[in-house]
Amino acid sequence: MVRLSLLFTISFLSVCPLVFSQKEANVWYFGANAGVDFKDGEPIAVSNGKTNTYEGCATYSTREGRLLFYTDGISVWDSTHKMMPNGNNLKGSSSCTQTVIIIPKPFSYNSFLIFTVDKVAGKEGLTYSEVNMSYNYGKGDVLFWTKNKKLLTPVCEKITAVKHSNGYDYWIMAHKFNSDSLFAYRVTGYGVSLLPVISKTGVKISGLYSNTLGYMKFSPDGRKLAYVNYSLDTSAIADFSTSTGKVTNIWTFHNIKAYGLEYSAKSNYLYVSEFYTRKIYQYNIKVASKVAFLASKTTIDSNYANDLGALQLGPNGKIYISVSGSAYLQAIHAPDSFGVLTRPEKNSVYLGGKTCILGLPNFNQSIFNKKIIFVTHNCLNDSTRFTISNTNDLDSVHWYFGDPASGNKNQSKKIFDVSYVYTKTGNYTVSMFYFYKGAVGYASHRFYVRNPKPSIGKDTSFCNAFTLTLSPQKDYTEYTWSDNSANKTLVVNKKGNYTLRIMDSAGCLSADTVRIKNPFVIAAFTISDTLSCLRNNHFKLKGLSKIDDDQWKKSNWDFGDGTKLSDSVAQKEYAQTGQFKIKLVVISQTDCKDSIEKSIKILPSPTAAFT
């Protein structure tokens, strides 16, 4: 059965487009020569970039996370940080909110399109240029015959992109200045359509050029479009159809000098940064009404050291924040949570001595619509549970739990309520093929099946009275002792069985029991007499010792004249007169001891005589 499933998968992959690694957003270059690389999951500073831009920029990597090229909207640098042939004088601007974005040309492994917008509704408007990675020894070349092709002018400082519902094509969205119109251009394998889909929003952006400032983005699942208007103090969110390119159901809301915005990876929440107030707000975009949307507004963080710039989702599902002049990226660690559970962190990622300004790289938002496997309750002999980061548009899935010895149980085709019981601890890799709209994707996650059994010590014994503190060697989330106390430690002074039940941070339950014995030894013996004459003296001794919670091991006699004996009973004859102390030491199997002494006296024997 496993072999048949594998053959099916191979045959399916041969006819379906792949969307496997999705690490195209792994490398970022931005600000004053700042950069980070997500190759190990979390961002690590890199400082070899040429980007020195006040605002907009874009980078693009391979699906495996290797840098291809990057741009500030004016110049294009290759993976060796050299300017590409014809890679200068693009029509973007270093002082434009979202001056540039890069998307791969559909059905072309080596071609990419760079879209730029001019600053403050400038005359250059929306243009695009093509990069072919086959040229320049595989490092890329901006094709001069498709460079700076103009599409629309004038436009606002906003541009974003998302995949078409067919899984191949893309939509490029721009906002025409001095209008309330959004222009969606479809990008196919043939190029950029010159017949855009135009949507009226009812929110006219005109007047001051500063009204053009502020970010616009699609949600990762492509179902929402939102943008902010810096000077107008008016933001908007709307529904978007990835099939038709139409924008509908526009809701406007108020922000003060809003600049950046971003969605959570699961497309549940929208985040907006306000430039001067230095506040970040969260909105729930899954609610059914505008009233509920406005009521969901929650302050996530505030009091940043300087003006707030861009918000950008990372490939690890966290949102990163640019603060002007900061040597760090700020972070929202759990953006799909609510309120304080989002865990905002100031000065989260050190940039190695480089600094942010306002912008962060602009990406095609579909890059972040990848399926991430979340593993919870990864406990031994219990149901380890698996969930998918988002199930939007999924047609089917095929799981492999990384435990082939279990045969057919190692697979599942469930989308929801997926679980598996692991019977051995260790590292496992769960993997999943997911199928949607003619495409197939792949995700995997490596994790450890844990057995958090708490060790509170070995079974032990204590002689006579004792006091002992029991405590596990590690920390856990919850503790419950056999007396129902909930502290980490338990002080005991009686024999018995003591059990600690714990729950760890993964929700795993386990227990450990220690048996404490308390042997109690009382030495005692009888002696046939305590006073005797030397002649024919003979003492009989018998042990009467008591041992509780243990067994007798031996009794040692010391007769006080240098002779000793090990037995429970004894007989003794002395060779000289005097007073002697007889000592009995009783030892149990666990080497508990007690002793007792008694004195005897030997008198000289009389000698009868007469004359």
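Residues in the stretch 253-268 include none that are out of contact with any Cys (no Cβ under 9 Å at 6 or more places or on another chain), surrounded by fewer than 19 Cβ atoms within 10 Å (Cβ to Cβ), modelled with pLDDT of 95 or more and farther than 16 Å from LYS297 by Cα. Entry remark, the stretch 583-593: residues being open to solvent by 50 Å² or more (accessible area, probe 1.4 Å) and either under 20 Å from ASP529 (Cα atoms) or among the acidic types (Asp, Glu) (or both) number 2 in total. Given the condition among the aliphatic types (A, V, I, L, M), over 39 Å from the mean Cα position of the chain (by Cα), under 15 Å from GLN98 (Cβ atoms) and assigned to a strand (DSSP E or B), answer yes or no: does some residue in the stretch 157-174 qualify? No: the stretch 157-174 contains no residue that is among the aliphatic types (A, V, I, L, M), over 39 Å from the mean Cα position of the chain (by Cα), under 15 Å from GLN98 (Cβ atoms) and assigned to a strand (DSSP E or B). Within the stretch 199-240, track down each residue that is of a type in the set (Ser, Thr, Tyr) and assigned to a strand (DSSP E or B). Answer for the stretch 199-240, where residues must be of a type in the set (Ser, Thr, Tyr) and assigned to a strand (DSSP E or B): SER199, THR201, TYR227, THR234, SER235. Scanning the stretch 36-58 for residues that are more than 25 Å from the chain's Cα centre (by Cα) and in contact (Cβ under 8 Å) with a residue 60 or more places away in the chain yields a total of 7. A Cβ distance below 9 Å, combined with a sequence gap of six or more or placement on separate chains, defines the contacts here; from the stretch 135-156, residues that are touching a residue at least 24 places away in the same chain (Cβ under 8 Å) reach residues that are surrounded by fewer than 19 Cβ atoms within 10 Å (Cβ to Cβ) and in a helix (DSSP H, G or I) in the pairs PRO154/VAL120; CYS156/VAL120. Residue count for the stretch 288-322 satisfying the condition of being more than 30 Å from GLY65 (Cα to Cα) and in contact (Cβ under 8 Å) with a residue 12 or more places away in the chain: 15. It is to be established whether one or more residues within the stretch 299-309 are assigned to a strand (DSSP E or B), hydroxyl-bearing (Ser, Thr, Tyr) and surrounded by fewer than 17 Cβ atoms within 10 Å (Cβ to Cβ). Scanning the stretch 299-309, I find at least one residue that is assigned to a strand (DSSP E or B), hydroxyl-bearing (Ser, Thr, Tyr) and surrounded by fewer than 17 Cβ atoms within 10 Å (Cβ to Cβ), so the answer is yes. For the stretch 95-122, which positions are over 21 Å from ASN229 (Cβ atoms), open to solvent by 20 Å² or more (accessible area, probe 1.4 Å) and part of a loop (DSSP other than H, G, I, E, B)? The answer is LYS105, PHE107, SER108, TYR109, ASN110. In the set (1) open to solvent by less than 10 Å² (accessible area, probe 1.4 Å); (2) assigned to a loop (DSSP other than H, G, I, E, B); (3) small (Gly, Ala, Ser), the condition left unmet by SER129 is number (2). Evaluate the following for TYR422: is it farther than 30 Å from SER588 by Cβ, more than 24 Å from the chain's Cα centre (by Cα) and surrounded by 17 or more Cβ atoms within 10 Å (Cβ to Cβ)? The answer is no for TYR422.
The values are calculated or read from the model by the stated rules, or taken from the named source; none is laboratory data. Worth saying up front: this structure is predicted, and the values here are computed from it rather than measured. Cβ sites come from the backbone with ideal geometry, for glycine too, and all protein chains shown count toward neighbours. Heads up: the accessible areas ignore ligands, DNA and RNA and are worked out on the full protein's heavy atoms, side chains in. Shrake-Rupley method; radii C 1.70, N 1.55, O 1.52, S 1.80 Å.
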